[in-house]
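The structure is given below, and queries will be raised subsequently.
The values are calculated or read from the model by the stated rules, or taken from the named source; none is laboratory data. The model shown is predicted, which means the values in this text are computed figures rather than measured ones. All Cβ positions, even for glycine, are placed from backbone atoms using ideal geometry, and neighbour counts span all protein chains on display.
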Amino acid sequence: MGEIAGFVPKSELERIRLIREARAIYDSIFPPTDRPGKDDATRLKEPAPSNGNVRMTGRS
């Protein structure tokens, strides 16, 4: 209780979905264990928030 949930535009949700789908395809072709530096800063963990949007918390 006390958490504030902000509005996330449909286009932002679609962008996030497409990024996750592309990452899954890439990982199926090049498994993470075969890539050097798989846990470095170049690996996309989650998208950065856009200006004006509030990052949602909880399950996605």
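Go through segment 12-31 and give me each residue that's surrounded by fewer than 11 Cβ atoms within 10 Å (Cβ to Cβ) and either among the aliphatic types (A, V, I, L, M) or modelled with pLDDT under 85 (or both).
LEU18, ALA24, ILE25, ILE29, listed by residue number.
While we're looking at this one, here's another question. Would you call PRO9 surrounded by 10 or more Cβ atoms within 10 Å (Cβ to Cβ) and at pLDDT below 80?
no
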